[in-house]
Structures are given as C-alpha cells and as structure tokens.
Amino acid sequence: MPHFFRKILLVLSLLAATAVQAQLSIEITGAGANRIPVAIADFAGDPAAARIIAATVRSDLERSGLFKLIDASGAGLDENSPINHGDWKSRGADALAAGSLARSPDGRMEARFRVYDTQKQVALGGAVYVTGNDQLRAAGHRIADYIYEKLTGEKGVFSTRIAYVVKSGGQFRLQIADADGQGAVTALSSSEPIISPVWSPDGSKLAYVSFEKKKPVVYVHTLASGQRQVVANFKGSNSAPAWSPDGRKLAVVLSKDGNSQIYLVNADGTGVQRLTQSGGIDTEPRFAPDGSIYFTSDRGGSPQIYRMGASGGDAQRVTFEGNYNVSPRPSADGKSLAFISRRDGRFQLAVMDLASKQVQVLTDSTKDESPSFAPNSRMILIATETGGRGVLSAVSSDGRIKQRLSIAAGDVREPAWGPFIQ
Amino acid sequence: MKKLLIPALLAALMVGCSSTPIDETGGAPVESRSGSGVTPVTAGGLDSRGLPRELTDPKSVLSQRSIYFDLDKYEVKDEYKDLVAAHAKYLVANKGFKVLIQGNTDERGSREYNLSLGQKRSDSVKRSLILLGAKEDQVESVSLGEEKPKNPGHDEAAWADNRRADILYKAPDGRGEF
C-alpha cells in the first residue's frame, strides 16, 4: 500500500477511536439489598424505535440498583392490553410496564404506557410522552422516571444531566451528558484548566472557574447559546462559585482583599458583598435549601466544614473528626451533608446525617474529590481514581450501590449533577 | 412497595384497572436534552512573547522565575531571597513592567482548597516584592492550585516540584507572558 494511503487510514482510524472513546462507559459495582422485581414488556409499534425505548427504560431501572429486571420477552402487550396479573406474579414480577409507540399527526413519536402492580392487581397510572425520532432515549428516560416514582415514591433522576471535565492530550473539555453518561457534548474546550462547574437551579446555565486568562476567573455559561459572562475577575484569584437557591446570586471566593474569602455577587457579576471576615482561608461555599451556607475554613488550624447564615456572620463548626474535612455539599432534601474526609492519608467520601450528626464513610478509595448530590438526594457523584486514571463514581447515600463512569482516553473529573428537568 | 397503595387504590376505585386513564397532560414534548441543546465554545491560547532579553536570557538571574516551598509552608525560604530581590529591583527600575505571580500546590486534596493554599504562596512572594519597593499596581498574585503541575508524577519528588510560585512578566506595550 502506498505510504500516503496508509497515513490516511491511520488518521481515519484514530478519528474513529476518538469518537468512541469520548463516550462515558458505565460499570455497576453494587446493588441495593431489596430490589423490586419489575418486567418491562417490549413496546408495540415500529420495532427499531420501540427497542430503543424499552432498552433505555430497562437499563435505567437496572443501573439504579433498586430493581431486578424480569424477562418479559414475547409478552405481546401494549398499554391497553388486559393484564393477567397472576401470570406475571408467578413469573416473579411485582410490577409490570407495557406501552406502545405511534406516529403523531405532526410526524413525531408518541410513547404511551401504563404501569401495573401485579400484587395488588391494579394499574398504578400511565402517561404519554411526545418526542422526536432522534430523542427516543430521552423519552425512555422520562418513562423510567415515571416508573421509578410510582414504585419507590421518590422522583427519578434518569432524565437529568451531568456536567464534568475531561482532560486528554493537554486539552480540557467541559462536557454535558445524560445521567447515564450517554449523549456527551462539549460545552467548552480550552487549553487551560476548567474546574468547579455548578448548575444553575433551572438547569440552563453552568458557573465554573476557567484558567484561560492565566488565572482563575468565574464565568456563567448559558448552555443553549454558548454565551459566556465573566461574573468575577477581580485582582487575585476568583473561584468556587455556588448558586443561591433562587438562582439570582452566586457565592464566590475572591482573594482581592488578601486571603481567600467568601463573597456574594449577583448572577450578572454586579453588587459584590463580603460574607466572611477571617484571617485564614474560607472557601468552597454551598447553599443549603434553607439558604444557609456550608463552607471550608482553616480558622481552627486545620481545614474543617462550617455553616453560616445567608448573609454571613457567626459560623458554627460542623465537622470534628480528623484534621482534613473539605468540599461540603448539602443534599437537596436538607437531611444530609456529603464531604471529603482525609483518614490515614486517604481522601474518602463521607456523609453526615444532619439531624444525628452521625458520619458514615461511603468508599474505600484513596483519592475521592468533588462530591455532587443527585437532585433526589439518593446518589452522590464523585471524582476518584482507578488505575492512575480519573473516573467518576456514583454512590448511593447508604453506600450500597456503586457505579463507575470512565472515558477510555482521558481523565474525568469535577462532576456536577444537574437539577430535575422542568 | 407500601407507597404504591394509596394511588393504586384510588386508581382502582375511580375507573377500574384496565381503564386507568393515561395522563394526557404528560404529553408535553420531550425537549432535546443534548445535541442541539448545547452550543460548543473554544477558549484559551494566550501565548504572546516580546520581553527584553534580560528577563529571558538563561544567563540572567531574572530568567529564574520559580520559588519552591516546603510541604504545608508558605513563606519564601532564605535561599530564594536574592532571586526575589533581583525581581523587585527590576520592577523598581522599570515601572512600566508588571508581574503575575502564580502559586501552585501538589495534587493531594481538594482542588478549591488547594487553590486557596497556592494563593497563600503567591501572596507571600507578592509581599516580599512590595516590601522591596515594587508598586502594588505592578504585582498581582493569583493561584493555579493543583491544576498546572510542572511535574506530572505522583511521588514526593513530583510534589516538591509542584509546591511552587512562578513569576510571569508583561511589558509596558502589553506584550508578555500573561
């Protein structure tokens, strides 16, 4: 083969490899103790499209670790079929979903389905979701959320999105993907680091720290338009953005007046107001749902987590065990606090029950970082390391269920779990 | 499955099992969740040069721009006092020049907390320069935390290389390293 053609082939195969490796792959390494056995019948209608829907629903439910899938092949059901509850019960399914796909008059797809409780022999409800042909997986995630909520009483997070940073070949890419790691797209590429992405409460924007100006600067980035606004670029370092619960303000960390201290700014960068006044480091602010702010401070001699009111003032120390507790993340239900704790030189994900103050270490890894709660407070996404490579890990708040998300050709870090879709 | 009970009973009471209504209000379109929902942006790549030779010539002390720190330490060590003094002298003699001091840490621990620790290192170099006569508006101290390791290794030697502050220069015409 002429040398020239060999080169082209090599380039093409490299391109193909890049496309494949850019996708997050997911691996489940644990499951809940009492999984609900559920059967998801094949959807009636166009077979290729119906397969995508059913496969998405099944893999979502299975990945959550809360369900055990019962084989439903050959059931031949749709959402209006009579259900032989006894038959499904004897197959081992406590719950069953059946549905169909049909083309709506405007050419889009309508997914209809019902969910049944085979024990009580009743339908639990049903819904119809309209979707484009290229958004069948999104419809599958919505259906999985519906089933999850009917069967567990909690809202599902399958149709939420995650943000994270991939470092490969000296490039940094801020990516957005579905909660299952599929459909990744790059919101920002840079030759300089990007850290600390956080979702606005409505899910339309990300705030993050970019080093593209040779120093840390806080940006707010509107995902749909790609428009970026500098919200903190003062003399010194600007970092650690956190959205207020109403999305109108950001807590940020600025070094403009000396040490790293916490300030509040409007989401457009105006109206800077200082919140902490310590002689040391105050950083990593996060708003709890009640508006109070958790943060990391070395005011007591070692980095520990503290809590203060929305307008600053007196702070109460929250962590006491060990001499390195950082990166506080209050859950959306206000009941728990995830953070990173150093124990015997290992950095591990810990969760505090805020009512009892009990702390539980959830991992046995050594380099956990940057925890992020799912909006239903059930799972926590962290960055960690396996085999010298940065990967993401999702851990249930009781530590039983673990999933790993990795990219073959790069380090994945700085995860941020997005809000419920509106 | 206890939580299933009430909605299930209600559904059964109202309409009977096989005709449970499908919630047509759920028919709102499923929005594009990815793909067209995100517009890609590219950033970074500042790399202008054009500084006087005395700042870049390897034979000049001013080409030495790195100050190393001990573990958990933030004060400029004695062995770097002459180096810092040489840069202060240059800034005093060349009022139009500015420096950016970038503090760095090793990779262990929280990225944001390390950013604040790197800031303590760059602030310490800045204080020394100001004490020696450099003007406040000539010196900015910032932190890169653990994000830009000079040594990509994961051992004590690599960590020592990365506990560092670097001095970057900018000429009066705006050309330079930052």
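Taking other C-beta atoms within 10 angstrom as a stand-in for reagent exposure, B:60, A:356 fall in the order A:356, B:60, fewest first. At q = 0.10, 0.16 Å⁻¹ the log10 of I(q)/I(0) for the stretch B:49-178 amounts to -0.30, -0.76, computed by Debye summation with a single uniform scatterer per C-alpha, solvent ignored.
Other protein chain C-beta atoms within 10 Å of residue C-beta, averaged over A:114-125: 6.
With contributions of -39500 (n - 2.57) from each DSSP H run of at least four residues, the per-residue ellipticity at 222 nm computed over chain A stands at -4500 deg cm²/dmol.
Taking the dipole about the Cα centre of chain A, with the C-beta of Lys and Arg at +1 and of Asp and Glu at -1, give me whichever of A:255, A:119, A:172 is farthest to the positive side. The residue sitting farthest along the positive end of the dipole is A:255. Evaluated with a Cβ-only charge set (Lys, Arg +1; Asp, Glu -1), chain A carries a dipole of roughly 820 debye about its Cα centre, given to the nearest 20.
Taking Rh as the Kirkwood radius, which is the inverse of the mean 1/r over Cα pairs, what is the Rg/Rh value for the stretch A:34-120? Radius of gyration relative to Kirkwood radius: 0.99. So for chain A, what percent of the C-alpha to C-alpha distances run longer than 41 Å? Considering chain A, 22 percent of its Cα-Cα pairs are separated by more than 41 Å. Neighbouring Cβ atoms from other chains, within 10 Å of the Cβ of residues in A:134-141, number 3 on average.
The residue among A:405, A:332, A:239 whose Cα reaches farthest toward the positive pole of the charge dipole of chain A, with charges on the beta-carbon of Lys, Arg, Asp and Glu, is A:239. Since only B:167, A:390, A:196 are under comparison, the one whose Cα sits farthest along the positive direction of the charge dipole of the protein assembly as shown, derived from C-beta charges on Lys, Arg, Asp and Glu, is B:167. In terms of other Cβ atoms within 10 Å, A:158, A:287, A:234 run from fewest to most in the order A:234, A:287, A:158. Report, in whole Å, the centroid distance computed from the Cα atoms of the stretch A:173-220 and the stretch A:345-422. One Cα centre to the other: 18 Å.
The distance separating the Cα centre of the stretch A:18-92 from that of the stretch B:132-178 comes to 53 Å. Karplus-based coupling profile of the stretch B:110-121, in residue order and whole Hz: 5, 4, 6, 5, 5, 4, 5, 5, x, 5, 4, 5, with θ = phi - 60° in 6.51 cos²θ - 1.76 cosθ + 1.60 and x standing for Gly or Pro. Exposure proxy for A:178, B:82: other Cβ atoms within 10 Å of each Cβ, ordered fewest to most, give B:82, A:178.
Electrostatic tally near residue A:29: other residues with Cβ closer than 9 Å to its Cβ, Lys and Arg +1, Asp and Glu -1, net +1.
Which residue fluctuates most in the GNM of chain A (Cα springs below 10 Å): A:104, A:327, A:237? Result: A:104 has the largest fluctuation of those listed. In a simple Cβ point-charge model (Lys, Arg +1; Asp, Glu -1; nothing else charged), the stretch B:58-139 has a dipole of about 360 debye relative to its Cα centre. Too long at a 30 Å Cα-Cα cut-off: which of A:213/B:81; A:235/B:150; B:81/B:170; A:205/B:73; A:155/A:402? Over 30 Å Cα-Cα: A:205/B:73. Relative to the longest principal axis of the Cα atoms of chain A, helix A:3-21 runs at roughly 90 degrees.
Just so you know, all these numbers are worked out from the coordinates, no wet-lab data involved. Bear in mind the structure is a predicted one, so any value in this text is a computation, not a measurement. Please note: Cβ atoms are built from the backbone with ideal geometry, for glycine as well, and neighbour counts cover all protein chains shown.
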